[in-house]
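Below: the structure, in structure tokens.
The values are calculated or read from the model by the stated rules, or taken from the named source; none is laboratory data. The shown structure was predicted, so the numbers you read here are calculated from the model rather than taken from an experiment. Every residue, glycine among them, receives a Cβ derived from its backbone with ideal geometry; neighbour counts consider all protein chains shown.
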């Protein structure tokens, strides 16, 4: 940013360059990554148990998704028959509205 390169901010005369550099440095310091070795901190048994839980959750989610797809397929296969059986004709609804009854 402070070089003499033809398109550098210094050469182009960017205003308040030192202030911008300080802001960038503060941002870089704030966003510095910290590497945490969870197995060392928490212990290998705790991490193994945690990973086992994750595997169980993923397995259950896959089972639930497969079951949901099977239910959806069964519902779509049966839906036309259920609607035809349950839906009253316009004439029947009119008759019941006017004269009562089931």
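Conditions (1) in contact (Cβ under 8 Å) with a residue 24 or more places away in the chain; (2) touching a helix residue (DSSP H, G or I) at 6+ places or on another chain (Cβ under 9 Å); (3) surrounded by 11 or more Cβ atoms within 10 Å (Cβ to Cβ); (4) part of a loop (DSSP other than H, G, I, E, B), marked per residue:
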site	(1), (2), (3), (4)
2	no, yes, yes, yes
5	no, yes, yes, yes
10	no, yes, yes, no
15	no, no, no, yes
20	no, yes, yes, no
34	no, no, no, yes
40	no, no, no, no
47	no, yes, yes, no
53	no, no, no, no
Check 71, 24, 60 and return the single one that is surrounded by 10 or more Cβ atoms within 10 Å (Cβ to Cβ) and at pLDDT below 90. 71
